[in-house]
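The values are calculated or read from the model by the stated rules, or taken from the named source; none is laboratory data. None of these values were measured; they are calculated from a predicted model. Reconstructed Cβ throughout: ideal geometry from the backbone, glycine too, with neighbour counts over all protein chains shown. Remember, those area values only see protein heavy atoms, side chains included, never the ligands or the DNA or RNA. Shrake-Rupley method; radii C 1.70, N 1.55, O 1.52, S 1.80 Å.
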Amino acid sequence: QEQVVESGGGLVQPGGSLRLSCAASRISFSIYDMGWYRQAPGKQRELVAVITRGFSTNYADSVKGRFTISRDNAKNTVNLQMNSLKPEDTAVYYCRASYREFLFWGQGTQVTVSS
């Protein structure tokens, strides 16, 4: 069964860093666009960052300059390096794999930024 699984969430103080990872299995990873999304309590899910199969990247304005998305096609993984974290970054972070009509979401990993 195709799946993507996130890891790396946790509790961090404001100004700190976290690195999220997403491992994909049973998909042709290299042809998929990979993205990170997040959903805070009471808010809609929003795009954080995306990296295409051609390695182009795009970021939400709120995370530009602080977050970096990367992918390793040899390991079927996509990472999100998050620096200078703010309390408003607190959310459940989801990994998404997309290719044409094929779409897979992970179960999410909680990121909490608090002192």
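A few notes on this one:
- Surface accessible to a 1.4 Å probe, per residue, for the residues of the chain, Å²: 54
- Loop trypsin sites (Lys or Arg not before Pro), region 2-103, which have at most 14 other Cβ atoms in a 10 Å radius of their Cβ (DSSP): Arg26, Lys43, Lys64, Lys75, Arg100
- Here the Karplus curve 6.51 cos²θ - 1.76 cosθ + 1.60, taken at θ = phi - 60°, turns the phi angles of region 52-65 into couplings of 7, 5, x, 6, 6, 10, 8, 10, 5, 4, 5, 10, 4, x Hz, with x standing for Gly and Pro.
- Neighbour-limited loop hits for chymotrypsin sites (Phe, Trp or Tyr not before Pro), region 26-115 (at most 11 other Cβ within 10 Å; DSSP other than H, G, I, E, B): Phe55
- Region 1-91 - convex hull of alpha carbons, volume per residue in Å³: 100
- Fluctuation leader among Glu46, Glu88, Glu101 - the chain, Gaussian network, Cα springs under 10 angstrom: Glu101
- Whole-percent carbon and sulfur share, accessible surface of the chain, 1.4 Å: 45
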